[in-house]
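Throughout, read-outs are computed from the coordinates displayed, never taken from laboratory work. Predicted model only: the values in this text are computed from it and were never measured. Glycine also receives a Cβ, built like all others from the backbone with ideal geometry; neighbour counts cover every protein chain displayed.
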Amino acid sequence: MLRLVTPPLNSSDLYSRREWMRVGAIGLGGLTLPLLAQRSATASTAKKAKSVIIFGLVGGPAQHDTWDPKPDAPAEVRGPFGTIQTRSPGFRIGELMPETSKLTDKIAVLRAVVTNDNAHSSSGYQMLTGVPHVPQNQESASPKAPNTYPSLGGIVRFLRPAVGQLPSAVTLPEHIWNDGNFPWPGQDGGTLGRKYNPWLIHCDPADAKFKIDALAPPEGVPPLRLTDRLALLGQIDHSLDAAATGGAFDAHDASVRKAFELMSSGAARAAFDIGRESERLRERYGRSRFAQSCLLARRLVEAGVSLVQVNWTRIPNQPNQGGWDTHAKHNEAMKTLLMPMMDRAFSALITDLDARGLLDETLVVWFGEFGRTPKFNGNGGRDHWGRVFSLALAGGGIRGGVVYGASDKQAAYPVDGRVEPQDLIATVLHCLGFAPDAELRDTAGRPFPASRGNIIKAIV
């Protein structure tokens, strides 16, 4: 089942959640979609990429076992895993990435990324927005002022109009949350306003029963009846007192009308129809929820979506809930579950995009909110570490076979080529053809820059 999710209204919205749901139900039999809007891009550089896929390894992958192994470090730092030679001469990565090692000529690695924040939600906010959380090192932080800078997806929705019937930014297959379902800040349109929230699509494309009911008309409601309902909604909206129906209701009406257009758009429904992919290709990605979401992401960028963020989801009955937050049994989890699944899906995505002629115009960002501690804890795990970690980029506008930055002998601190999240955001915007400091405007019309970072020139 696929579900399109609109984040809850906050206290500054004019109408209650119940009132909004009531009007939406009148309009289209209960179907509600996030708000969509068209906005022209501000000044930009020459376009290099049409789309970006955020390959999000939520929880914090260890730099030691991925892009920055330390084979000469003591055992309590390097761990039990060796290294493997890649396609790029002199470049070695963790041995648990055999498929990825064949593709490094297409990949640029950043080995000195820093947030100086050891909390999932606040370090994650910085990675998603390019702005440090206030205060730092705050776990289970909620999305509220002053931490309301827009996510990269929100920025892209502001700068680039929707293509056809699809939005310009989508998040799969669920939002990012801490235990207790505390959503991270920095996943929405923030001060840009709700209409720039990326579409949040709750789904499990790996489920044999997966279908796109959210884009289908309600059962038993023919197209003519839907048209009548849309007309009725318009009559109700226009009959309300003008003073009470400002921009909030105008935007909601636009959202409902967009939902109607989606249900009548075969192209939009086709983009989500992962069943059209061959069984062989689906097996190549892997049958996990995350892997099949990556395949769905490829379908969406192929259909014209500018940004798709794929978040790793928890897996029941696995160490550390099947995620990258490996506080216990780190080596077991990395060897038996996390790295094989990641290596398979990431390499499949890069290879698939390349085979379709899409890699040059699609930027892929291998992403985590921080790394792991240099030394193991008493439970055989590695803890949170934002003082240095690694990321990777491939495709649209990126120079392959490049390693930029370096950490010390224990992968504990940067020694060269330090990169901050704002620089990553600036580089992604540059690759998409936007000036890193492109002008955004908040809901009050006040201008502010998309990023205050610097383009990482060594990799573009």
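Annotation: for a label point projected 7 angstrom from Cα along Cα→Cβ of LYS375, residues of the range 52-87 with backbone N closer than 11 Å are 76-77.
Working note: Cα atoms of the range 322-390, range along each principal axis, descending, whole Å: 48, 27, 15. Computed from point charges on the beta carbon alone (+1 for Lys and Arg, -1 for Asp and Glu), the dipole magnitude for the range 386-433 about its Cα centre is near 80 Debye. Quick check: pseudo-label points 7 Å beyond the Cα along Cα→Cβ at ASP383 and ALA355, how many nm apart are they? Modelled inter-label distance: 4.5 nm.
With a threshold of 30 Å on the Cα-Cα distance, the over-threshold entries among LYS195/LYS457; LYS106/LYS409; LYS50/LYS375; LYS48/LYS329; LYS106/LYS144; LYS102/LYS211 are LYS195/LYS457; LYS50/LYS375; LYS48/LYS329; LYS106/LYS144; LYS102/LYS211. Loop-located trypsin sites (Lys or Arg not before Pro) across the range 300-349 with a Cβ neighbour count of 10 or fewer within 10 Å are lacking, with loop assigned by DSSP.
All C-alpha to C-alpha distances of the range 267-343, sorted into 5 Å bins beginning at zero, yield P(r) values of 3, 14, 22, 20, 16, 11, 8, 4, 1, 0 percent in whole numbers.
Annotation for LEU281 and GLU332: the two label points, set 7 Å from Cα along the Cα-Cβ direction, are 3.8 nm apart.
The residues HIS384, HIS202, when put in order of fewest to most other Cβ atoms within 10 Å, stand as HIS202, HIS384.
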